[in-house]
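Heads up, the thing below is written out as structure tokens.
The values are calculated or read from the model by the stated rules, or taken from the named source; none is laboratory data. The shown structure was predicted, so the numbers you read here are calculated from the model rather than taken from an experiment. Because the Cβ atoms are built from the backbone with ideal geometry, glycine has one as well, and the counts that use them run over all protein chains shown. Accessible surface is based on the protein model in full, side chains and every heavy atom, while ligands, DNA and RNA are left aside. Shrake-Rupley method; radii C 1.70, N 1.55, O 1.52, S 1.80 Å.
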Amino acid sequence: MIEHDITWRPCLVEVNGMPPSPPRPTPGARWSLSAVLVTGPSMAPTLRHGDAVLVRRGERGVRAGDVVVAVFRSRPDLLVVKRAVGLTAEGWWLVGDNPLINDDSRAYGGADIWGRVVARYWPRPRLLRRRRV
């Protein structure tokens, strides 16, 4: 479960009476990143309650074993961090890394991917890698 999403957006500011320039894409920027705060124990030990992660938005490039942020089709109000297992007819099948918690696809069914977690930046920075499932 995720407490909230913090997306960085540039702020246009007037400088010395000059109007702000229109936003331009950053050279070399290929995807958008969002900062997400993790709540709950379902992804322990990979991610713990209070960890802050960077999420590459979109479903492109997601494979089985990736840690993703998703929305269950049966619970569209709930944004979750889980590990992708595979694509089914209902959507992506997701499971948590903590075997004692079962608030994943076993309870809610298929999910739509919102983005792939690429790194944890707080409190112990590290890149997240794909794991065999």
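What is the number of the single condition among (1) free of Cβ contacts under 8 Å to residues at least 40 places away in the same chain; (2) open to solvent by 50 Å² or more (accessible area, probe 1.4 Å); (3) among the hydroxyl-bearing types (Ser, Thr, Tyr) that THR39 does not meet?
Unmet condition: (2).
So that you can scan it fast, the table gives a plain yes or no per residue for (1) among the aromatic types (Phe, Trp, Tyr); (2) touching an Asp or Glu at 6+ places or on another chain (Cβ under 8 Å); (3) open to solvent by less than 20 Å² (accessible area, probe 1.4 Å):
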position	(1), (2), (3)
GLY65	no, no, yes
VAL68	no, no, yes
ARG75	no, no, no
VAL80	no, yes, yes
TRP92	yes, yes, no
ILE101	no, no, no
ARG106	no, no, no
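Output the residues belonging to region 95-133 that are touching a Lys or Arg at 6+ places or on another chain (Cβ under 7 Å), assigned to a loop (DSSP other than H, G, I, E, B) and either of a type in the set (Phe, Trp, Tyr) or at pLDDT 85 or above (or both).
Residues satisfying the conditions are GLY96, ASP97, ASP104, GLY109, GLY110.
Counting only residues that are acidic (Asp, Glu) and either assigned to a strand (DSSP E or B) or open to solvent by less than 30 Å² (accessible area, probe 1.4 Å) (or both), how many does region 50-63 have?
Looking only at that region, the number is 1.
Against the condition touching a Pro at 6+ places or on another chain (Cβ under 8 Å) and either open to solvent by 20 Å² or more (accessible area, probe 1.4 Å) or among the charged types (D, E, K, R) (or both), how does ASP97 come out, does it pass?
Taking the combined requirement at face value, the residue satisfies it.
Can you tell me how many residues in region 64-75 are in a loop (DSSP other than H, G, I, E, B) and under 11 Å from ASP112 (Cα atoms)?
Adding up the residues that qualify gives 2.
Do the conditions hold for LEU47, that is, is it surrounded by 14 or more Cβ atoms within 10 Å (Cβ to Cβ), in a loop (DSSP other than H, G, I, E, B) and at pLDDT 90 or above?
So LEU47 passes the test.
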